[in-house]
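**Student:** Take this structure, written in structure tokens, and hold onto it; I'll ask about it next.
The values are calculated or read from the model by the stated rules, or taken from the named source; none is laboratory data. Just so we're clear, the structure is a prediction, and the values are computed from it rather than from any experiment. Cβ placement follows ideal geometry from the backbone for every residue including glycine, while neighbour counts extend to all protein chains displayed.
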Amino acid sequence: MQDSRIEQVLARAGKICRRVAACGAGAALLCAVGTVVAMGQPITAEAAEIQAGVYQAIPLPSPALEVGLGTAVLDNRPVDVVYYNQADPQYANAPYGTDTIGPYGCGPAAMAIVVSTLARQTVDPIQMAEWAYANGYWYKGRGSLHTLIPDAAKAWGLSVSGCTADKGDRLRAALSQQKLVVAIMGEGHFTDSGHFIVLRGLDENGKVLVADPASRERSAQAWDLELILDEASENAGKAGGPFWIIGD
């Protein structure tokens, strides 16, 4: 009976691996705290469930799986969000125009998260940065134009609508409907200047879960919606922001 539960959990994890196309030969699944789960290694059903993010006792939020270097699945029901970090070695020094993704690529990284999660195809930060540069969204020494977010969503066939910071109820409803929301943040807990993050759902207490392409630590915390509304940038109105609701 226990072996059957283990097989079910590992089968689910394997599906996630294939979905993000990040598992090479001999790749292992890594729990967020670094425990290796290898096929054939003795492990209890409970431990397997914990490391695959399906054990009900895990409090939300928790980035439950990391699959390969640079790609993770933030497994907080009801949405498995494919996560990229712009500072990971294979992305940080990759070009974004004449800048690099590490310090300037939060826009492409955020949209890589959204597209890889919702469009059923894997687009990593390098590919998204190349697309953004080729289509005129790179802003030298500053990052990305705000219009990158709605235009990239449309380019990948995703529904998108802008939302202002006085529409907190609308944002909460969208997150409850398993949609993703890209936010451009101003000075505060997430940035000293401007920074794109992805709002990816609500936890059991109604707090907001995020996928911050610059911080795994912030991605593993729950945030008050009021704080996010208060710290959102005030300079994105022309592009429909500071929030963009994406998904059907």
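**Student:** With the requirement that a residue be surrounded by fewer than 24 Cβ atoms within 10 Å (Cβ to Cβ) and within 16 Å of His195 (Cα to Cα), what does region 103-126 give you?
**Tutor:** Matches in region 103-126: Pro103, Tyr104.
**Student:** How do the helices (runs of 4 or more DSSP H) wholly within region 82-126 filter down when requiring 1 or more residues that are under 17 Å from Ile246 (Cα atoms) and hydroxyl-bearing (Ser, Thr, Tyr): which remain? It would help to see each step written out before you state the result.
**Tutor:** Details: elements: 89-92, 101-104, 106-118.
Once the helices (runs of 4 or more DSSP H) in region 82-126 are filtered for at least 1 residues that are under 17 Å from Ile246 (Cα atoms) and hydroxyl-bearing (Ser, Thr, Tyr), what remains is 106-118.
**Student:** Collect the residues in region 153-177 that are out of contact with any Gly (no Cβ under 7 Å at 6 or more places or on another chain) and within 14 Å of Thr117 (Cα to Cα), keeping them in residue-number order. Reasoning before the result, please.
**Tutor:** Pass one, region 153-177, residues out of contact with any Gly (no Cβ under 7 Å at 6 or more places or on another chain): 153-157, 160-161, 163-174, 176-177.
Ala153, Trp156, Gly157, listed by residue number.
**Student:** Test of understanding: among Leu229, Leu225, Leu171, which residue is in contact (Cβ under 8 Å) with a residue 40 or more places away in the chain, among the aliphatic types (A, V, I, L, M) and crowded, with 19+ Cβ neighbours inside 10 Å? Let's see the steps before the verdict.
**Tutor:** Working: Leu229 fails: crowded, with 19+ Cβ neighbours inside 10 Å; Leu225 fails: crowded, with 19+ Cβ neighbours inside 10 Å.
Only one candidate qualifies: Leu171.
**Student:** Now for a different question. Looking only at strands (runs of 3 or more DSSP E) that fall completely inside region 137-236, which ones have 3 or more residues that are within 16 Å of Val81 (Cα to Cα) and either of a type outside the set (Asp, Glu) or modelled with pLDDT under 95 (or both)?
**Tutor:** On the way: elements: 160-163, 180-185, 195-202, 208-211.
Once the strands (runs of 3 or more DSSP E) in region 137-236 are filtered for at least 3 residues that are within 16 Å of Val81 (Cα to Cα) and either of a type outside the set (Asp, Glu) or modelled with pLDDT under 95 (or both), what remains is 180-185, 195-202, 208-211.
**Student:** Test Asp192 against the stated conditions and say whether it is within 29 Å of Asn93 (Cβ to Cβ), free of Cβ contacts under 8 Å to residues at least 12 places away in the same chain and not basic (Lys, Arg). Walk me through how you get there before you give the answer.
**Tutor:** Details: within 29 Å of Asn93 (Cβ to Cβ): yes; free of Cβ contacts under 8 Å to residues at least 12 places away in the same chain: yes; not basic (Lys, Arg): yes.
Yes, satisfied.
**Student:** When the residues of region 155-167 are filtered to those that are of a type outside the set (Ser, Thr, Tyr) and within 18 Å of the chain's Cα centre (by Cα), which remaining residue is nearest to Gly241 (Cα to Cα)?
**Tutor:** Step by step, filter region 155-167, then rank; the result is Val160.
**Student:** Let me ask you something else. In region 233-248, what residues are closer than 21 Å to Tyr104 by Cα, touching a strand residue (DSSP E or B) at 6+ places or on another chain (Cβ under 6 Å) and of a type in the set (A, V, I, L, M, F, W, C)?
**Tutor:** Across region 233-248, the qualifying residues are Ala236, Phe243, Trp244.
**Student:** Okay, moving on. Return yes or no: is Val160 within 19 Å of Met111 (Cβ to Cβ), in contact with a helix residue (DSSP H, G or I) (Cβ under 9 Å, 6 or more places away or on another chain), of a type outside the set (Phe, Trp, Tyr) and buried (at least 23 other Cβ atoms within 10 Å of the Cβ)? If you could, list the steps in order and put the result at the bottom.
**Tutor:** Numbers: within 19 Å of Met111 (Cβ to Cβ): yes; in contact with a helix residue (DSSP H, G or I) (Cβ under 9 Å, 6 or more places away or on another chain): yes; of a type outside the set (Phe, Trp, Tyr): yes; buried (at least 23 other Cβ atoms within 10 Å of the Cβ): no.
The answer is no for Val160.
**Student:** Can I ask one more? Yes or no: Ala129 in the same structural domain as Gly206 (by TED's automatic domain parsing), crowded, with 16+ Cβ neighbours inside 10 Å, at negative phi and small (Gly, Ala, Ser)? Step through it out loud before you land on a result.
**Tutor:** Working: in the same structural domain as Gly206 (by TED's automatic domain parsing): yes; crowded, with 16+ Cβ neighbours inside 10 Å: yes; at negative phi: yes; small (Gly, Ala, Ser): yes.
Answer is yes for this residue.
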